[in-house]
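Structure first, commentary second.
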Amino acid sequence: MSTFSGQDHWVQRTLSFVANSSSTTIEFLSLNSGSQGPALDDVRLTVASAGYLTPFGTGCPGTNGTPTLLPNQMPFVGQPFSVVLSQLPVNSFGLLVLGNDQSGAPNGVASLNGIGMPGCTLYANLNFLSLIPSTGPFGAYVWGDVLPNQPQLQGALFTLQFFFADAAANAAGISATNGAIGRVGW
C-alpha cells in the first residue's frame with residue numbers, strides 16, 4: 001500500500017493482519033475531516049502461508065530422561081523461529097541437525113543402532129549443522145534464530161533434530177530429541 005505524504009512523494013506502507021473469519025472487511029479511515037485526507041494507491045491483499053512445526057518420533061534416552069523438542073515460535077520468513085528443548089543433560093554441548101528433505105518423516109532417515117545408540121533414530125538429513133555451546137544447569141534450552149527475510153525460503157520444507165553429549169546415555173555417549181517436520185511460512 002502506498003500513501004501520498006502531501007510533499008510530492010509516495011510512501012510505501014505495509015500492514016499485516018489476521019482475518020478473524022472467512023470474510024473480513026478492511027476499512028481505511030482518515031483522521032482529517034474534509035477532502036484533505038491521505039491518498040491511497042496500489043493497495044494489495046495477499047494470503048500468507050502458515051508456517052508449521054510438528055514433532056514426531058521418539059527421542060534417545062539420556063541421563064536426564066528422554067530429550068524432548070516442542071515448537072515455540074513457528075517458522076516465518078524474516079521472523080524469529082524457536083523450539084523448547086527439555087530433559088537435556090545439564091551443562092552439555094549439543095548439535096542441531098537440520099535437513100531440507102522430508103522423505104524420512106515420520107519413519108526416520110536411519111537407525112542409530114550401529115553407532116552405539118540402540119533403539120535410536122536419525123530423523124533429519126545432515127544438510128545443516130549448528131553447535132549449541134552449553135545446555136546450562138537446568139536441563140532445558142530454548143533454541144532459536146531469526147529466519148532470513150529471503151522470499152526463496154517461502155514454503156521451504158525441512159526436518160530437524162537435536163543431539164547432546166551425554167557420556168552415560170549409551171555406548172556412543174549421545175542422547176537425542178524426537179524429530180520435527182516443518183514448513184517456512186510467509
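Where a number appears in this text, it was derived from the coordinates with a stated rule and is not lab data. A quick note: this is a predicted structure, and the numbers were derived from the prediction, not measured. Backbone-built Cβ (ideal geometry, glycine too); neighbour counts: all protein chains shown.
In terms of other Cβ atoms within 10 Å, ASP42, ASP166, ASP101 run from fewest to most in the order ASP42, ASP101, ASP166.
What ranking, highest mean first, results for peptides 149-160, 60-71 when packing means the other Cβ atoms within 10 Å averaged over each residue?
Values: 149-160: 15.8, 60-71: 19.7.
Sorting 149-160, 60-71 by mean packing, highest first, produces 60-71, 149-160.
Spatial offset of the stretch 130-186 relative to the stretch 48-110 amounts to 5 Å, using the alpha carbon center of each. The listed peptides 129-142, 173-186, ordered by packing as a protection proxy, come out as 173-186, 129-142 (highest mean of other Cβ atoms within 10 Å first). Mean projection of the Cα convex hull over all viewing directions, computed for the chain: 14.8 nm².
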